[in-house]
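K.L.:
Next up is a structure, given as structure tokens.
The values are calculated or read from the model by the stated rules, or taken from the named source; none is laboratory data. This is a predicted model, so every value here is computed, not measured. Here Cβ is always computed from backbone atoms with ideal geometry, including for glycine, and neighbour counts include all displayed protein chains.
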Amino acid sequence: MSELNQAIENTFPKLILFNARTRGHRPAMRHKDFGIWQSWNWTEAAQFIKALAAGLIGLGAQRDDKIAIIGSNRPYLYWSIAAAQSIGAIPVPLYSDSVADEMAFVLEHAEVRFAIVEDQEQVDKILSVLAKLPALKSILYEEKRGLRDYDHSRLCWLSDLVELGRAALKDKGSTAGLERVIAEGKGSDTAVILYTSGTTGRPKGVMLTYDNLLASARIGIAFDGLTEKDEIIAYLPMAWVGDHVFSYAQAIVAGYCVNCPEKADTIIQDRREIGPTYIFAPPRVFENLLTLTMVRMEDAGRLKRWIFDHFLQVARCWGEKILGGDKVPLLARLHYALGDALVYGPLRNRYGLSNVKVGYTAGEAIGAEIFSYYRSIGVNLKQLYGQTEASVYVTLQPDGEIKPDTVGRPAPSVDIRLAPSGEVEFSGPGVFQGYFKDPEKTAEVKTQDGYVRTGDVGFFDATGHLKIIDRAKDVGRLTHGGLFPPKYIENKLKFYPNIKEAVAFGHARDHVACFINIDPVAVGNWAERNNVTHASYQELAADPRVYEMIAEHVEEVNEALAAEPQMAGARITRFLILPKELDADDGELTRTQKVRRSFITERYASLVKALYDGSAVGEIRTEITFEDGRKGMVEGKIVIRDVTVAPKPGLEAAA
Amino acid sequence: MTRSTGDVILNVENVSLRFGGVKAVTDISFDIRKGEIRAIIGPNGAGKTSMLNVINGVYHPQKGTITFKGRVRKAMQPYQAAKSGIARTFQNVALFKGMSTLDNIMSGRYLRMRSNFLWQLFYLGPARDEEIAHRRKVEEIIDFLEIQHVRKVPVGKLPYGLQKRVELGRALAMEPELLLLDEPMAGMNLEEKEDMSRYILDVNHEFGTTIALIEHDMGVVMDLSDRVVVLDYGRKIADGTPSEVKANHAVLAAYLGVAHQEKSR
């Protein structure tokens, strides 16, 4: 697209119409429904969006109205965003797995007038908090099922509204009216409000303009050479900035096809069927795939296991070098090629990564081993560091400069500086306008000269790559003065497949102790193979043999920590295994599955106390929330395990 | 519930069933109206499953008549019952364990397949069109019951709760007018029970299917059903709306363990 065009097509609705004119026959969206991939091309998408926009006007929607979008990744919901933008309204995507109260907060704060939702589940949630939402006028739903007997005075089936819109558009006057409204959109208008899940406090509404999102989308497209021929799978929450940029903004700018899986449970199968060329996933997804592979390999025959182990060894030696384009001896190349035919190719195919030309992991630190594993079997996995406030891109790893422990160089046209405290600050075209209705918070985060404080502490290494250590407010000090970066320690623990989640304590204490959450899949499988009988997660978590296994992992982590002079003081001396999985429904994790440290400290205060007063067991009694909102109790005595920390002469003095 | 129920679709009149000297069902009469959810409850051994077996022709009662859609049948065979529009699920799941979810549900379409064997053998002409039409119907059911993720998994490998759902799917594939569910929620945890209740209500609402169900969970019965018939020792002791039945003394005596020690959740 020429620069002139870029200046004219400065909003997503305009770009969609542009796509319909220039590549109307190319697929825009696919959705697997009734077992078949149904697809829509750009022309059909544009028609649907116009009809829905006309329908919304008919309902009384106006410029600057907020329209909530709630549901899993579905073509109709993405187009609802575009339809809202067409009439100058501001879409507000919400996390569809939020409970009603969380939803009520955002809906109320954003003064939402219309909600476009997926199904009965979401309708029920909104109806249950309707009293708090005086601004809400109508709810539109996509899936009819179960809603037949509901009072329809404020409910409307999305397809009915689209039909009304189509009928209205038959009139020339209203078509012209809609086109005029679309043309009125400017690049500096607010395109979307994305509520950040917030590891602390209430969510904040990040306002991003079309200019922000388009600039950011173009940075990514140019960086990785994306074209209309690319394919991606959209399966991450629509309210998350990553999905909004990758599955919406970039898809519209580059014109590539976005594929929506049949259901959350079928994503692995669906990804295999589509074979995306461009993928994006938090580390968790890659961890899960690898865990599944390893668990299955444990059950495989000896010959298969030998082949697998042998070629993984070869891949570890040469795989990353071959991918990075380094010099590799011919014999090693041939050996790797054989491995590719026997092991790596089939593995990539299993994962649905056969066609991937570039994949990103972000959101949290990825384990060096996991990262290297995927690269060694030929998946061009890279890291990026991003924020909602930046419209994603802050740093990116350029091809050929991939390191597992850094997040790469500043993205094109983004500038990064380090505050005296070590906090990372950035500026660039993607910098957000402000938090919706919260100028105080905006002022806290945005500096006078237009830089944004990330709240992360980091530094540049010798090659100019940024390395992130931890959240600035989380980095603590032990009483003897040693550094205590909790996330750094937790991530090291979490890289073991048996450990799903970890929470480390140590700020203003004399030693580090932690909570461990075991992974039910990995440990459950181990239990099955070793005849460890258990009736529940709680029972498995309390098994002495499980404790033994986890203690070994902790000791290994301690060895790794001891190897880094700054971290030697932060070795783990005591741990316990929690009797329940940390869960977002209980408020222990954010909706993006990050640990909410302060909340956990408060909730499990008795256990934290037991970790530090030397007692051998801690007692717990706590409430848990089931998926449907009912409550239950977990109680019991939790064993606390001491870990021997070998004193390292010389280092103690340094700390 | 605002749903209105229509005419009588099934009428059971003075039915008695004996196995040698054992009286399974004695002189029972009740009716099921079109579009309703009719629960059959009673303590263990009350004759509930026998009653279902009588309705779909597995057992032939020594006395009494069954009238389904106005046609009186005395000794109906199960396949005739199926042909006339009665489908059922079983207390102990009865699926083809080695076959996939898709194939199991497809087997429910068997009665509706018309094209001849030769066409089917070569997957040609009418057989092909027919297969596609049936597959579409099956996919709708898979979507309805939200079992897409196990579409191609052999059902023997599935957890019990899912197997029950697949079995319901197979019964739905027949597009029955009357659906007999024998303890659809036995052995399920609370969450699975809630899901299953949702599906049963949705089947009733969306497809207008008349449902007769046997269930032990009183909460489920009271929430789902329009009318309840209560059996005890093979005899009918009460019949009416859930609230009427709940207040009935004979039911309380039979159920709440005055006469015998039955659980009554």
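K.L.:
Within region A:252-284, restricting attention to residues that are part of a helix (DSSP H, G or I), in contact (Cβ under 8 Å) with a residue 60 or more places away in the chain and aliphatic (A, V, I, L, M), which residue is farthest from the other protein chains (Cβ to nearest Cβ)?
P.N.:
A:V253
K.L.:
Still on this structure, please answer the following. State all residues of region A:49-62 that are assigned to a helix (DSSP H, G or I) and more than 28 Å from the chain's Cα centre (by Cα); if no residue qualifies, say none.
P.N.:
A:K50, A:A51, A:L52, A:A53, A:A54, A:G55, A:L56, A:I57, A:G58, A:L59
K.L.:
On the given criteria, is A:S153 more than 26 Å from B:E140 (Cα to Cα), crowded, with 16+ Cβ neighbours inside 10 Å and either away from chain B (no Cβ under 14 Å) or of a type in the set (G, A, S) (or both)?
P.N.:
no
K.L.:
Quick one: in region A:18-48, of everything that is within 26 Å of B:E140 (Cβ to Cβ) and of a type in the set (F, W, Y), which residue is nearest to the other protein chains (Cβ to nearest Cβ)?
P.N.:
A:F34
K.L.:
So which of A:A217, A:A239, A:A249, A:A222 ends up being closer than 15 Å to A:K357 by Cβ and of a type in the set (G, A, S)?
P.N.:
Going through A:A217, A:A239, A:A249, A:A222 in turn, just one is closer than 15 Å to A:K357 by Cβ and of a type in the set (G, A, S): A:A222.
K.L.:
Being charged (D, E, K, R) and in contact with a Gly (Cβ under 9 Å, 6 or more places away or on another chain) is true for just one of B:E131, B:E206, B:E194. Which residue is that? Give the derivation first.
P.N.:
Numbers: B:E131 fails: in contact with a Gly (Cβ under 9 Å, 6 or more places away or on another chain); B:E194 fails: in contact with a Gly (Cβ under 9 Å, 6 or more places away or on another chain).
Selected residue: B:E206, the only one of B:E131, B:E206, B:E194 that is charged (D, E, K, R) and in contact with a Gly (Cβ under 9 Å, 6 or more places away or on another chain).
K.L.:
Go through region B:1-58 and give me each residue that's assigned to a loop (DSSP other than H, G, I, E, B), under 25 Å from B:A186 (Cα atoms) and modelled with pLDDT of 90 or more.
P.N.:
Correct list: B:G35, B:E36.
K.L.:
Does region B:62-73 contain at least one residue that is modelled with pLDDT of 85 or more, in contact with a strand residue (DSSP E or B) (Cβ under 8 Å, 6 or more places away or on another chain) and outside any strand (DSSP E or B)?
P.N.:
So far as region B:62-73 goes, yes, one or more of its residues are modelled with pLDDT of 85 or more, in contact with a strand residue (DSSP E or B) (Cβ under 8 Å, 6 or more places away or on another chain) and outside any strand (DSSP E or B).
K.L.:
Give me the strands (runs of 3 or more DSSP E) completely within region A:63-176, filtered to those with at least 2 residues that are at pLDDT below 95 and not hydrophobic (A, V, I, L, M, F, W, C), ordered by residue number.
P.N.:
So the answer is none; nothing clears 2.
Residue by residue, here is whether (1) aromatic (F, W, Y); (2) away from chain A (no Cβ under 14 Å); (3) surrounded by fewer than 20 Cβ atoms within 10 Å (Cβ to Cβ); (4) assigned to a helix (DSSP H, G or I) holds:
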| residue | (1), (2), (3), (4) |
| --- | --- |
| B:I141 | no, no, no, yes |
| B:E146 | no, no, yes, no |
| B:K152 | no, no, yes, no |
| B:G156 | no, yes, yes, yes |
| B:A171 | no, yes, no, yes |
| B:P176 | no, yes, no, no |
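K.L.:
Looking only at residues that are of a type in the set (D, E) and not in a loop (DSSP other than H, G, I, E, B) in region A:601-621, which one is farthest from A:Y547 (Cα to Cα)?
P.N.:
Going through region A:601-621, the residues of a type in the set (D, E) turn out to be A:602, A:613, A:619.
Retained after the next criterion (residues that are not in a loop (DSSP other than H, G, I, E, B)): A:602, A:619.
Working: A:E602: 24, A:E619: 17 Å.
Among them, the one singled out is A:E602.
K.L.:
If you go through region B:95-107 one residue at a time, do you hit one that is exposed (fewer than 13 other Cβ atoms within 10 Å of the Cβ), away from every other protein chain (no Cβ under 13 Å) and touching a strand residue (DSSP E or B) at 6+ places or on another chain (Cβ under 8 Å)? Break it down stepwise before answering.
P.N.:
Taking region B:95-107 first, the residues exposed (fewer than 13 other Cβ atoms within 10 Å of the Cβ) are B:98.
Next, from what is left, pick out any that are away from every other protein chain (no Cβ under 13 Å): B:98.
Applying the additional criterion that residues be touching a strand residue (DSSP E or B) at 6+ places or on another chain (Cβ under 8 Å) yields B:98.
Yes, region B:95-107 has at least one match.
K.L.:
Might you let me know whether region A:637-652 holds any residue that is assigned to a loop (DSSP other than H, G, I, E, B), at pLDDT 80 or above, in contact with a helix residue (DSSP H, G or I) (Cβ under 9 Å, 6 or more places away or on another chain) and under 23 Å from A:R509 (Cβ atoms)?
P.N.:
Yes, some residue in region A:637-652 is assigned to a loop (DSSP other than H, G, I, E, B), at pLDDT 80 or above, in contact with a helix residue (DSSP H, G or I) (Cβ under 9 Å, 6 or more places away or on another chain) and under 23 Å from A:R509 (Cβ atoms).
K.L.:
Right, something else. State whether one or more residues within region A:158-174 are within 14 Å of chain B (Cβ to nearest Cβ) and in contact (Cβ under 8 Å) with a residue 12 or more places away in the chain.
P.N.:
no
K.L.:
Away from chain B (no Cβ under 14 Å), touching a residue at least 12 places away in the same chain (Cβ under 8 Å), farther than 24 Å from B:D202 by Cα and out of contact with any Gly (no Cβ under 7 Å at 6 or more places or on another chain), is that true of A:L140?
P.N.:
So A:L140 does not fit the description; no.
K.L.:
Check every one of the strands (runs of 3 or more DSSP E) wholly within region A:183-247 and list those with 2 or more residues that are surrounded by fewer than 22 Cβ atoms within 10 Å (Cβ to Cβ), over 18 Å from the mean Cα position of the chain (by Cα) and among the β-branched types (V, I, T).
P.N.:
Here the list is empty.
Residues checked against (1) within 30 Å of A:R471 (Cβ to Cβ); (2) among the β-branched types (V, I, T); (3) modelled with pLDDT of 95 or more; (4) assigned to a helix (DSSP H, G or I):
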residue: A:Y360; (1), (2), (3), (4): yes, no, no, no
residue: A:G363; (1), (2), (3), (4): yes, no, no, no
residue: A:I366; (1), (2), (3), (4): yes, yes, no, no
residue: A:E369; (1), (2), (3), (4): yes, no, no, yes
residue: A:S372; (1), (2), (3), (4): yes, no, no, yes
residue: A:R375; (1), (2), (3), (4): yes, no, no, yes
residue: A:G378; (1), (2), (3), (4): no, no, no, no
residue: A:K382; (1), (2), (3), (4): yes, no, no, no
residue: A:G386; (1), (2), (3), (4): yes, no, no, no
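K.L.:
Only strands (runs of 3 or more DSSP E) wholly contained in region A:422-535 count here; list those with 1 or more residues that are not assigned by TED's automatic domain parsing to the domain that holds A:T573.
P.N.:
Ranges flagged: A:423-427, A:452-460, A:466-471.
K.L.:
Moving on. May I ask you to list the residues in region A:109-121 that are without any contact (Cβ under 8 Å) to a residue 40 or more places away in the chain and either in contact with a Leu (Cβ under 6 Å, 6 or more places away or on another chain) or buried (at least 21 other Cβ atoms within 10 Å of the Cβ) (or both)?
P.N.:
Listed by number, the list holds a single entry, A:Q120.
K.L.:
So which residues in region B:120-139 are in a helix (DSSP H, G or I) and surrounded by fewer than 14 Cβ atoms within 10 Å (Cβ to Cβ), if there are any at all?
P.N.:
Result: B:L121, B:F122, B:G125, B:P126, B:D129, B:I132, B:A133, B:R136.
K.L.:
Checking the condition among the basic types (K, R) and under 30 Å from A:Q593 (Cβ atoms), which residue from A:R305, A:R316 passes?
P.N.:
Answer to the check: A:R316.
K.L.:
What are the residue pairs meeting all of these: first residue in region A:201-220, first residue basic (K, R), second residue assigned to a loop (DSSP other than H, G, I, E, B), Cβ atoms under 8 Å, and 6 or more apart or on different chains?
P.N.:
Matching pairs, first to second residue: A:K204/A:G198; A:K204/A:F436; A:K204/A:D438.
K.L.:
Among the residues of region A:18-54, which ones are surrounded by fewer than 19 Cβ atoms within 10 Å (Cβ to Cβ) and either among the aliphatic types (A, V, I, L, M) or at positive phi (or both)?
P.N.:
A:F34, A:G35, A:I36
K.L.:
Listed residues A:D474, A:D461, A:D449; which is of a type in the set (D, E) and touching a helix residue (DSSP H, G or I) at 6+ places or on another chain (Cβ under 7 Å)? If you could, list the steps in order and put the result at the bottom.
P.N.:
Numbers: A:D461 fails: touching a helix residue (DSSP H, G or I) at 6+ places or on another chain (Cβ under 7 Å); A:D449 fails: touching a helix residue (DSSP H, G or I) at 6+ places or on another chain (Cβ under 7 Å).
Selected residue: A:D474, the only one of A:D474, A:D461, A:D449 that is of a type in the set (D, E) and touching a helix residue (DSSP H, G or I) at 6+ places or on another chain (Cβ under 7 Å).
K.L.:
Let me ask another. Within region B:108-132, can you find the residues that are more than 25 Å from the chain's Cα centre (by Cα) and either basic (K, R) or within 14 Å of another protein chain (Cβ to nearest Cβ) (or both)? Please lay out each step first, then the result.
P.N.:
Initial filter on region B:108-132 (more than 25 Å from the chain's Cα centre (by Cα)): B:114-132.
Correct list: B:R114, B:R128, B:E131, B:I132.
K.L.:
Considering each residue of region B:178-208, count those that are more than 14 Å from chain A (Cβ to nearest Cβ), touching a residue at least 60 places away in the same chain (Cβ under 8 Å) and surrounded by fewer than 23 Cβ atoms within 10 Å (Cβ to Cβ), and give that number.
P.N.:
Residues flagged as more than 14 Å from chain A (Cβ to nearest Cβ), touching a residue at least 60 places away in the same chain (Cβ under 8 Å) and surrounded by fewer than 23 Cβ atoms within 10 Å (Cβ to Cβ) within region B:178-208 amount to 3.
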